[in-house]
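Colleague: Before I ask anything, here is the structure I am working with.
The values are calculated or read from the model by the stated rules, or taken from the named source; none is laboratory data. Keep in mind the model is a prediction, meaning the values are calculated, not measured. All Cβ positions, glycine included, derive from the backbone under ideal geometry; neighbour counts span all protein chains shown. Note: accessible area is taken over every heavy atom of the protein model, side chains too, but ligands, DNA and RNA are not part of it. Shrake-Rupley method; radii C 1.70, N 1.55, O 1.52, S 1.80 Å.
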Amino acid sequence: MSATQNKTGGMHPTTTGPLSFGSVKPNQGLQNAAKKSRADIIAEISASGMKGRGGAGFPTGVKWNLAAAAQDSTKYVICNADEGEPGTFKDRVILSEYSDLVFEGMTIAGLAIGARQGIVYLRGEYSYLRPLLEAVLERRRTQELLGESILGREGFSFDITIRMGSGAYVCGEETALIESLEGQRGEPRNRPPFPVDTGYMGHPTVVNNVETLAWAACILAKGAAWFKGIGTDKSTGLKLFSISGDCERPGVYEFPMGISISELLREVGGEDAKAVQVGGASGHCVPAKSFARTLAYEDIPTGGSIIVLGPGRDMLGIARNFLEFFVEESCGQCTPCRAGTVKLLEGVELLQEGRCSMKYLRELCALGETMQLASKCGLGQSSPNAFLSIVKEFQDEIMGRTDLAAAGKE
Amino acid sequence: MSESTTFGKDVSRAPVSQRGHRVGPVDDSQAIGGQISIEMDGKTLKVPIGTTILEASKELGLRIPTLCHHEDLCVAGVCRMCVVEVEGQRTLQAACAYPITQPIKVKTHSRKVRQARRHILDLILANHYGECYACNRNNNCELQTLAKEYGVDFFRFGHPTEPMFELDTSSHSVVRDMNKCVLCRRCIRTCIDFQEVGVLEVQGRGAESKVVTFMDKPLAEVVCINCGQCINRCPTGALRANDPTDDVWAAIDDPTKHVVMQTAPSPRAGIGECFGLPPGRALTFEMNTALRQCGFDKVFDTNFTADLTIIEEGTELLLRLKKALVDKQPVAIPQFTSCSPGWVKYIEHFYPEYLAHLSSAKSPQQMFGALIKTYYAHLNKIDPKDIVCVALMPCSAKKFECNRPEMCDSGYKDIDYGLTTRELGKMISEAGINLPDLPKSDFDDPFGTATGSGVIFGATGGVMEAALRTVIELVTGKKVENFFDHAEIIPLRGFEGIRYAEIPVKEVGPVPGILKHLFEDWSWLKGATLKVAVAHGTAYAKKVMDDIRAGGKFSECHFIEFMACPGGCLGGGGQPIPTSPAIRAARAQAIYSEDRAYSVRKSHENPAVVKVYNEFLTDGPCGHLSHKLLHTHYTPRGKFIA
Ligand SMILES: Cc1cc2nc3c(=O)[nH]c(=O)nc-3n(C[C@H](O)[C@H](O)[C@H](O)COP(=O)(O)O)c2cc1C
Ligand code: SF4
Ligand code: SF4
Ligand code: SF4
Ligand code: SF4
Ligand code: FES
C-alpha cells in the first residue's frame, strides 16, 4: 500500500483494497468503442445509467448526447481534475495510478461527441503529477492511442493537452473552469447556455470529472449491463469515496452506490461517529440518528468526500470552518454568496458567544435558503448546506453557548 | 432588430457566455417558426427563441426588478435581484440572463422570489455606506428605488456606520466613491465592453472583491478617457462627475465677476429629463431664461463656435488635401475630428502615432473660451481676469479638457468650469425654478446667432454633415440643397457604429472671399471623390483605427468623425441618467428637428462667424491669429502606466 499526503495534512493510505479499475484490460474500452458508431457509444453510456462523479450527478450519457448533437466542427472534451472540495483526494489517486484509463475515457468521449481535442484541467497543487501524465500521453501517442486515425479508424483523431489550474476552488465549477482556460478570471458563467452548447472558446464542450471518464472506459470495456447491475436503480455502478477524519482507516475506498453511512463507517472503523459530513464543505452534515441513510443520488448525493466527525467534535466549530472556507473561496460575483457567506459566518460567531437570538437564527436560516436558491453557481448554492444541517440537527448543542474563547473574543 | 438595439453587439469583448446567447433549434410542436409560448404570472405570450425572461416580462407589462442589468451592456447576471421561479427548476433563475428556449412557466413574485429579493437587498445595504439625503443620486438611484419597492424599513443584516474606502477625487471628470458601490459591475462592462477602454476591473475574491483601476491607482493616473459613460450606467452614487457647481455659484455671487455661460447643443435636448419630461423635448429657450434667473451675466450658444470649428477644420482639411494633391507633399490624411475630448484622450493613449491626423482645431468649447477672454473682453471693455467662463456640456471629459495646461491661449484659463447637464439641472432646481414652466428667451448677442449645422454637432455624424454642407458650398459655389434634399446628408445619420459615404466632386466654382488667401482655384478638386466616415463610441473608433493601421478601407478616407460617446454628445457621460438606446434616439430626434427649424443651416453663412473674421480674425481661417487662439496641440501618452 502506497501512502500519500491528503489535504488536511495527515498521511492516508491511497487505496484500501483493490479498485475495479485495476481489473479492466488496458484499452479494451477504447478498442470496443472504435468499432462502434458514435450513437452506439453514447447508447452504451446511457444504458449504464452512470451519473457524473464530480458531484452534480448529471447523467453522463445525456451530457455526451447533447454535445454530440450540437452543430459545430470544433468541440472539446475537458477532464475536470481540479479536485478542490475539502476532503477529496480520489481523483489524485486515479490520476497517479490509473491515468491511462482517464485518457482512454477522454478519447472515447472525443469519438462519441466528435471532438478532436481534449484538455486536462489539473489542480495547481497536483503539478508534481504532470511529468508522469505527460509521459503517459507521449506513450499513448506512440501507441497510436492518440493522434490521427486512432486504432486505424479513419477520421478518429484526438489529442490531449494538460493545463494547470489557477488555485481557486471555484475553478472546479465547469463554467469557471472554462473561463479560466480562456484566460479570464475564474468566475462561473450564466447557465444556460450550458457548456455542451457554448463551452470552451464558444464551442460545444463536455466537462467530466476524472472518475466519470475512468468509469466510462470501464463501461465500454465491460458493458453497460455490468455497471447497471451494481448499486441502486437510480444510482448505478461503483463509486470512489475519499474518507478522512475521525476513523481508524481513512483512505480512498470503492463502494457500490447506495451504501448506507453505517455500513461505510463499519468499513473504515468510525462506528462511534457523532456525525458525518458528506460531500465536503458544500455537502450536508448527517447526524448519527440518520446513519441508515444511503449515499445515492436519490438520498444523499456526493462527489465522494466523506469526513467522519468523532464524538468530541464541536459542531459549531465545524460550521465555522466550512463557512470560513466559503468566505475565502466565493468568487465574489453574485450578492447572495459574496455577502451571504459573511453574514452566516458572523452568525456562527454570535452563536459561539451566545448572543444570537432565535429570531435572528431563523432569519439566517432563511438567508441560507435564499443563498441556495438565488446564488449564481453551485458554490453559493451549496455554501449554506453545512450550516443549515448543523443548525437543524444540533440545535441543542449550538444554542445557549457562551464560548468566548472559541469565538476568538478572549 | 433596429440599429440602436444591435449597437455594440458586434464588437463585444465580453466573455462568450455574456454575449448574446447562442441557441440551437428546439424540437417542440409549440415552437412554430421559432416562437415559443410561455406563461408568466398566469399571462401567456409567444416570444422568439432566445428572448430573455426579462424581455418577455416587459412585453407583458410585468415589472421584474434589476440592478446589474443595463440595456446598453452585455448580460452579467450577478446582482440576482431579478430572480424568478421557473417551474421545474430547483433554483431560482436570473430573468436578465435566462434565454427562453422551451415553453416555460414563470412566477415573478412568489414567496421564495420575494424573500430572495429582500435578502439580496438587505445584503447589499449591509455593505453600502451612504446617506441618501447627502447623495447626488438621491431620487435617481436604482438601489434607493428598490429599497422603497421592497419596503426596506430596517437593516436586517446591519448597515455600515463608517466609510470603508477613501474617495478617489484625482480625476477632473469622474469621482469614485466605492462606499456606495454595489458591485454590479456595470462600470466595468461599460468601460471594457461598451467603450473598449478597459480601465476598470474587479480585484480580489469574495467579500474582498472591489472595483479597481490598474494597480488600484488614482483614476487620473490610468488610461481613463474621462468619457463618463460609466457614471451614466452606475445604478448608485458610487460614480459621479467632479462637480464644480459650488465654485460657479460663488462666481455668480461675486459682483466683480462677469460670468458668461455657453450652452452646447446636447444638454438642451436632455435637460428636460431632469425635470420629469420624457426624453426628446428640447428646452433651449426656457433654459436661457433659467440661466439668467440663476444669475449668469450672459448666455451664449456654443453653436457659434461649432460653426467656427467647421470653418477652421474644413479649411484645414482643404489645406491638407491641397498639400497632398497639388503640392504632392506627405501629409496626414485622413484628418480626424478633434471636438470630442474623450476621443482625443483615447487616441493620445492608444494610437499616439496617429496624432498628426487629428485636426489641430480646438473643440467649440475651447474656441469659445479663447474668444470670450480676448475678442469679447475687448469689445465690451471688460478685463479678462474678471470674466468667468462656464460651459454647459453633455460631457464629463470637457471638464478635463478645460483643465488641460495648453488651454490658456487667451492668457487666462480659457474655460473656467465645465458643467454637465445634470449639474445645471441641480442648479436650476436649487434656484427654485421649474424649467418647463419658464417663458422662452433668446441667446445674447453677439454669439447668439447659430445655425442648424452647429446644433447637429450633438449627434453622431453631425460634425461631418455640417462640415460637408460647408465644404460642398465653398467648393461648388452652389447650395448644398442642389445635391442633398433639405441639406440633409442622410447616409451620415443614424446609430450604426460606423458609417461611410463617398461624395463625388463633380463641379467646382470660384474660391469664396474668405478663403482667397489660401487657395487660387478649386480645379484640383474637380472629379475627386471625397471619402468620409463616422464612428461613435470608442469601441467603434478602435475598429476604424485598427483598419487604418492595417491599411484597410478607412485608411483611404479623407476625413473621419470620431465621438467617444455612443450616439455622440447627446449620449454623453454628463447627460441625465438613465441613458438607453431609445433615449438616445429621442434626443437625436430633438436635435435634428431643431436643425430644421433654423433659417441659416450652414456654418459659413452664420453672420456672427462672418463678423468675427471681418473684425477680429482678420487673417482668415487657419490664419495667424486663429492658429494662436483656435488651434492646439496634443500629447502622446501611450497606454503603459508608470
Ligand atoms: C464550486 C464548485 C467546485 C467544483 N469542483 C469540481 C472539481 O474539483 N472536480 C469536478 O470534477 N467537478 C467539480 N465541480 C462540478 C463541475 O461543475 C461539473 O459538474 C463536473 O465537472 C461535471 O463532471 P461530471 O458530470 O463528470 O460529474 C464543482 C462544482 C462547483 C459548483
Ligand atoms: S455563487 Fe459564489 S462562487 Fe458562484 S458565482 Fe456567485 S459569488 Fe461566485
Ligand atoms: S447611492 Fe442610492 S441608496 Fe446609496 S446613498 Fe446614494 S441615493 Fe441612497
Ligand atoms: S470615464 Fe470612460 S474611460 Fe474612464 S473609467 Fe469611465 S468608462 Fe472608462
Ligand atoms: S461603481 Fe457603480 S457601476 Fe461600478 S460596480 Fe459599483 S455600483 Fe456598479
Ligand atoms: S439584473 Fe439580473 S442578475 Fe442582476
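Colleague: Quick one: which of B:Cys141, B:Cys224, B:Cys230 is more than 14 Å from every other protein chain (Cβ to nearest Cβ) and in contact with a strand residue (DSSP E or B) (Cβ under 6 Å, 6 or more places away or on another chain)?
Modeller: Result: B:Cys230 is the single residue among B:Cys141, B:Cys224, B:Cys230 that is more than 14 Å from every other protein chain (Cβ to nearest Cβ) and in contact with a strand residue (DSSP E or B) (Cβ under 6 Å, 6 or more places away or on another chain).
Colleague: Here is a further query. Would you kindly identify the strands (runs of 3 or more DSSP E) lying entirely within segment B:478-585 that contain at least 2 residues that are touching an Asp or Glu at 6+ places or on another chain (Cβ under 8 Å)?
Modeller: Filter on segment B:478-585 gives B:529-536.
Colleague: From the list A:Lys376, A:Lys392, which residue is more than 30 Å from A:Arg189 (Cα to Cα), outside the structural domain of A:Gly172 (by TED's automatic domain parsing) and among the charged types (D, E, K, R)?
Modeller: A:Lys392
Colleague: Name the residues in segment B:271-330 that are over 20 Å from the mean Cα position of the chain (by Cα), among the acidic types (Asp, Glu) and open to solvent by 10 Å² or more (accessible area, probe 1.4 Å), would you?
Modeller: Hits for segment B:271-330 are B:Glu286, B:Asp297, B:Glu316, B:Asp327.
Colleague: Only one of B:Asp414, B:Asp445 is open to solvent by less than 10 Å² (accessible area, probe 1.4 Å) and acidic (Asp, Glu). Can you tell me which?
Modeller: So the residue among B:Asp414, B:Asp445 that is open to solvent by less than 10 Å² (accessible area, probe 1.4 Å) and acidic (Asp, Glu) is B:Asp414.
Colleague: Still on this model: Is it true that some residue in segment B:590-609 is at positive phi and hydrophobic (A, V, I, L, M, F, W, C)?
Modeller: no
Colleague: Could you give me the residue pairs with C-beta distances under 8 Å whose first residue belongs to segment A:356-384 and is within 28 Å of A:Pro195 (Cα to Cα), whose second residue is open to solvent by less than 10 Å² (accessible area, probe 1.4 Å) and within 16 Å of ligand 3 (Cβ to nearest atom) wherever it lies, and which are 6+ apart or on separate chains?
Modeller: These pairs meet every condition: A:Thr370/B:Ile120; A:Ala374/B:Ile120.
Colleague: Consider A:Glu134 carefully, then state whether it is surrounded by fewer than 18 Cβ atoms within 10 Å (Cβ to Cβ) and closer than 28 Å to A:Asp72 by Cβ.
Modeller: no
Colleague: Turning to a different aspect of this structure: Which of the residues that make up segment A:76-103 are part of a helix (DSSP H, G or I) and either under 14 Å from the mean Cα position of the chain (by Cα) or not polar (S, T, N, Q) (or both)?
Modeller: Scanning segment A:76-103 gives A:Lys90, A:Asp91, A:Arg92, A:Val93, A:Ile94, A:Leu95, A:Glu97, A:Tyr98, A:Asp100, A:Leu101, A:Val102, A:Phe103.
Colleague: Mind checking which residues of segment A:52-66 are open to solvent by 20 Å² or more (accessible area, probe 1.4 Å) and not in a loop (DSSP other than H, G, I, E, B)?
Modeller: Scanning segment A:52-66 gives A:Pro59, A:Val62, A:Lys63, A:Asn65, A:Leu66.
Colleague: When segment B:53-90 is examined, which residues are found to be free of Cβ contacts under 8 Å to residues at least 40 places away in the same chain, open to solvent by 20 Å² or more (accessible area, probe 1.4 Å) and farther than 17 Å from B:Glu149 by Cα?
Modeller: Residues satisfying the conditions are B:Glu55, B:Lys58, B:Glu59, B:Leu60, B:His69, B:Glu85, B:Glu87, B:Gly88, B:Gln89, B:Arg90.
Colleague: Can you give me the ranges of the strands (runs of 3 or more DSSP E) entirely in segment B:140-215 with at least 2 residues that are open to solvent by less than 40 Å² (accessible area, probe 1.4 Å), away from ligand 1 (no atom under 16 Å from the Cβ) and over 18 Å from B:Ala126 (Cα atoms)?
Modeller: B:174-176
Colleague: Go over the candidates A:Arg185, A:Arg163 one by one and state the one that is modelled with pLDDT under 95, open to solvent by 20 Å² or more (accessible area, probe 1.4 Å) and within 15 Å of ligand 1 (Cβ to nearest atom).
Modeller: When all the criteria are applied, what remains is A:Arg185.
Colleague: Now a separate question. If I filter segment A:279-296 for residues that are away from ligand 2 (no atom under 16 Å from the Cβ), of a type in the set (Lys, Arg), closer than 20 Å to A:Ala56 by Cα and away from chain B (no Cβ under 14 Å), do I get at least one hit?
Modeller: So far as segment A:279-296 goes, yes, one or more of its residues are away from ligand 2 (no atom under 16 Å from the Cβ), of a type in the set (Lys, Arg), closer than 20 Å to A:Ala56 by Cα and away from chain B (no Cβ under 14 Å).
Colleague: I'm checking my understanding of the structure. Among residues of segment A:67-117 that are under 22 Å from A:Thr142 (Cα atoms) and of a type in the set (Asp, Glu), which one is surrounded by the most Cβ atoms within 10 Å (Cβ to Cβ)?
Modeller: Step by step, filter segment A:67-117, then rank; the result is A:Glu104.
Colleague: Of everything in segment A:337-353, what is within 10 Å of B:Phe157 (Cβ to Cβ) and within 9 Å of another protein chain (Cβ to nearest Cβ)? Give them in sequence order.
Modeller: Residues satisfying the conditions are A:Ala339, A:Gly340, A:Val342, A:Lys343, A:Glu346.
Colleague: Could you go through segment B:63-77 and let me know if any residue there is facing chain A (nearest Cβ under 10 Å) and touching a Phe, Trp or Tyr at 6+ places or on another chain (Cβ under 9 Å).
Modeller: yes
Colleague: Here's something else I'd like to know. Output the strands (runs of 3 or more DSSP E) that fall wholly within segment A:203-284 and possess 3 or more residues being closer than 30 Å to A:Ser73 by Cα and not assigned by TED's automatic domain parsing to the domain that holds A:Pro384, or say none.
Modeller: Output list reads A:205-209.
Colleague: If you take the residues in segment A:305-336 that are at the interface with another protein chain (Cβ under 8 Å from one of its Cβ atoms) and of a type in the set (S, T, N, Q), which one is farthest from A:Cys377 (Cα to Cα)?
Modeller: So, considering only residues that are at the interface with another protein chain (Cβ under 8 Å from one of its Cβ atoms) and of a type in the set (S, T, N, Q), the one farthest from A:Cys377 (Cα to Cα) is A:Thr335.
Colleague: Could you list, ordered by first residue, the pairs with Cβ atoms under 6 Å in which the first is in segment A:217-243 and more than 23 Å from A:Arg92 (Cα to Cα) and the second is open to solvent by 10 Å² or more (accessible area, probe 1.4 Å) and in a strand (DSSP E or B), at least 6 apart or interchain?
Modeller: Pairs found: A:Ile230/A:Leu238; A:Ile230/A:Pro256; A:Gly231/A:Pro256.
Colleague: So, restricting to helices (runs of 4 or more DSSP H) that lie completely within segment A:285-377, which ones have at least 1 residues that are surrounded by fewer than 18 Cβ atoms within 10 Å (Cβ to Cβ) and within 20 Å of the chain's Cα centre (by Cα)?
Modeller: Result: A:315-329.
Colleague: Could you list all residues from segment B:197-221 that are more than 13 Å from ligand 5 (Cβ to nearest atom) and either within 16 Å of the chain's Cα centre (by Cα) or within 14 Å of chain A (Cβ to nearest Cβ) (or both)?
Modeller: B:Val197, B:Gly198, B:Gly204, B:Arg205, B:Gly206, B:Ala207, B:Glu208
Colleague: Still on this structure, please answer the following. Could you run through segment A:393-410 and say how many residues are in a loop (DSSP other than H, G, I, E, B), at pLDDT 65 or above and open to solvent by less than 70 Å² (accessible area, probe 1.4 Å)?
Modeller: Number of matching residues: 3.
Colleague: Just give me the residues in segment A:230-278 being of a type in the set (Val, Ile, Thr) and open to solvent by 10 Å² or more (accessible area, probe 1.4 Å), in sequence order.
Modeller: A:Ile230, A:Thr232, A:Ile259
Colleague: Any chance you could count how many residues in segment B:465-487 are in contact (Cβ under 8 Å) with a residue 60 or more places away in the chain and within 18 Å of B:Tyr598 (Cβ to Cβ)?
Modeller: Residues that pass the stated criteria total 9.
Colleague: Further question: So A:Tyr200 passes all but one of these: (1) within 10 Å of chain B (Cβ to nearest Cβ); (2) free of Cβ contacts under 8 Å to residues at least 12 places away in the same chain. Which condition number does it fail?
Modeller: With (1) within 10 Å of chain B (Cβ to nearest Cβ); (2) free of Cβ contacts under 8 Å to residues at least 12 places away in the same chain applied to A:Tyr200, the lone miss is (2).
Colleague: Within segment B:91-101, work out how many residues are part of a helix (DSSP H, G or I) and either in contact (Cβ under 8 Å) with a residue 60 or more places away in the chain or within 16 Å of ligand 5 (Cβ to nearest atom) (or both).
Modeller: 1
Colleague: Among the residues of segment B:209-231, which ones are in contact with a helix residue (DSSP H, G or I) (Cβ under 6 Å, 6 or more places away or on another chain) and within 16 Å of ligand 3 (Cβ to nearest atom)?
Modeller: Hit for segment B:209-231 is B:Cys230, nothing else.
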